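Here is the structure we will look at.
Just so it is clear, none of the values below were taken in a lab; they were calculated from the coordinates. Since this is a predicted model, take the numbers as computed values, not measurements. FYI the Cβ positions are ideal-geometry reconstructions off the backbone, even for glycines, and counts take in every protein chain you see.
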Amino acid sequence: MDVAILKSFKKQYFFAPIIFLYMRHCNYEKLKPRLIKIDMEHVRDESKEQVAYE
């Protein structure tokens, strides 16, 4: 883990309660692309197989 990953985790966990509240009251299909994008931001210097596995 490097400093950039730790910063992104702190940023994500700050908004986690808001996202959970939003998920309870809205359609998940609207939120799904954003969650996938957030999840894939941590991928750096990995092979295509590793990225596909995640």
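With unit charges on the beta carbons (Lys and Arg positive, Asp and Glu negative) and the dipole taken about the Cα centre of the chain, which residue among 18, 50, 6 sits farthest to the positive side?
18
Taking only DSSP H segments of four or more residues, each worth -39500 (n - 2.57), what value at 222 nm results for the chain once the sum is divided by all its residues, to the nearest 500 deg cm²/dmol? The partial results should precede the final answer.
Working: 3 runs with 42 residues, N = 54.
Mean residue ellipticity at 222 nm (helix-derived): -25000 deg cm²/dmol.
Which one is right for this structure if Rg/Rh (Cα atoms, Kirkwood Rh) is calculated from it: (i) 1.04; (ii) 0.93; (iii) 1.07?
Here Rg/Rh (Cα atoms, Kirkwood Rh) agrees with entry (i).
Mind scanning 11/48; 7/48; 7/37; 10/37 and naming the pairs with a C-alpha gap bigger than 21 Å?
On the way: 11/48 26 Å; 7/48 25 Å; 7/37 16 Å; 10/37 16 Å.
The answer is 11/48; 7/48.
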